[in-house]
1. Against the condition modelled with pLDDT of 95 or more, among the charged types (D, E, K, R), within 29 Å of residue 159 (Cβ to Cβ) and near the ligand (Cβ under 9 Å from one of its atoms), how does residue 35 come out, does it pass?
2. Please indicate, with yes or no, whether at least one residue in segment 16-32 is outside any loop (DSSP other than H, G, I, E, B), charged (D, E, K, R), within 18 Å of the chain's Cα centre (by Cα) and within 11 Å of residue 81 (Cα to Cα).
3. Only one of (1) within 11 Å of the ligand (Cβ to nearest atom); (2) over 13 Å from the mean Cα position of the chain (by Cα) is not met by residue 86, so which one is it?
4. List every residue pair whose Cβ atoms sit under 6 Å apart, with the two residues 6 or more apart in sequence or on different chains, where the first one lies in segment 62-91 and is modelled with pLDDT of 95 or more and the second, anywhere, is in a helix (DSSP H, G or I) and acidic (Asp, Glu).
5. Which one of 43, 75 is of a type in the set (Gly, Ala, Ser) and over 20 Å from residue 20 (Cα atoms)?
6. For residue 62, state whether it is part of a helix (DSSP H, G or I), within 15 Å of the chain's Cα centre (by Cα) and within 20 Å of residue 22 (Cβ to Cβ).
Amino acid sequence: MCSENIVLIGFMGSGKSSVGRLLSKKSGRYFLDADTLIESAQGKAISSIFEKYGEEYFRELEKESARWMAECVKGSIISTGGGMPLVVERLHDIGKVVYLKLPFEKILERISPEERAKRPLFQDIEKAKNLFNLREKIYEEQAQITVNANHPLETVVDEILLKCD
Ligand code: S3P
């Protein structure tokens with residue numbers, strides 16, 4: 001497997017964290033979740049950061065975390081927030097960018113109400129769908145590898161391992 005970091009991108013609910021954790025287990029690498037990194041640095045949940053300081057502020061935190069990851073993180077699996085590819089122009093500065101592609105209908109089937117509740121931009125389904133439509137092209141542009149995430153977790157992870165060889 002390549003020695004670069006692997007950077008998972010995709011819409012909210014596309015399985016970045018689950019894939020990242022299994023990928024980490026199978027490859028023996030550390031797993032880092034960019035949202036969790038921001039939450040622990042700020043001492044607040046993402047939803048509280050949005051509520052208290054707004055989305056623009058959160059995006060600045062994302063950019064800052066991306067700069068730090070590009071400089072300091074090596075040989076790891078990184079899961080990004082669904083909006084990071086829009087605000088960080090060159091994600092491949094961090095590592096090999098892998099897009100987990102999944103139709104919006106499947107995302108809706110998979111994401112639980114509890115998981116939706118944690119996500120400020122997934123409160124309204126119509127708005128989330130519009131966001132999804134706007135973002136697909138950007139995910140495609142940033143991706144170096146695209147995997148069909150509409151498969152069992154093991155299959156998705158094995159495909160990434162194979163393609164990142
Ligand atoms: C966001 C996705 C979230 C989180 C924040 C904003 C987005 O991460 O960063 O709520 O803009 O798509 P997940 O993709 O892990 O849900």
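The values are calculated or read from the model by the stated rules, or taken from the named source; none is laboratory data. All of these numbers come straight from a predicted model, not from anything done at the bench. All Cβ positions, glycine included, derive from the backbone under ideal geometry; neighbour counts span all protein chains shown.
1. On the way: modelled with pLDDT of 95 or more: yes; among the charged types (D, E, K, R): yes; within 29 Å of residue 159 (Cβ to Cβ): yes; near the ligand (Cβ under 9 Å from one of its atoms): yes.
In short, yes.
2. Let us first name the residues in segment 16-32 that are outside any loop (DSSP other than H, G, I, E, B), namely 16-27, 31-32.
Those left that are additionally charged (D, E, K, R): 16, 21, 25-26.
Now restrict to residues that are within 18 Å of the chain's Cα centre (by Cα): 16, 21, 25.
If we keep only those that are within 11 Å of residue 81 (Cα to Cα) as well, we get 16.
Yes, some residue in segment 16-32 is outside any loop (DSSP other than H, G, I, E, B), charged (D, E, K, R), within 18 Å of the chain's Cα centre (by Cα) and within 11 Å of residue 81 (Cα to Cα).
3. Exception for residue 86: condition (2).
4. 70/93; 81/35; 84/62; 87/62
5. Values: 75 fails: over 20 Å from residue 20 (Cα atoms).
Every option except 43 fails the conditions.
6. Numbers: part of a helix (DSSP H, G or I): yes; within 15 Å of the chain's Cα centre (by Cα): yes; within 20 Å of residue 22 (Cβ to Cβ): no.
In short, no.
Yes/no per residue for (1) assigned to a helix (DSSP H, G or I); (2) in contact (Cβ under 8 Å) with a residue 12 or more places away in the chain:
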| site | (1), (2) |
| --- | --- |
| 114 | yes, no |
| 126 | yes, no |
| 134 | yes, no |
| 161 | yes, yes |
| 165 | no, yes |
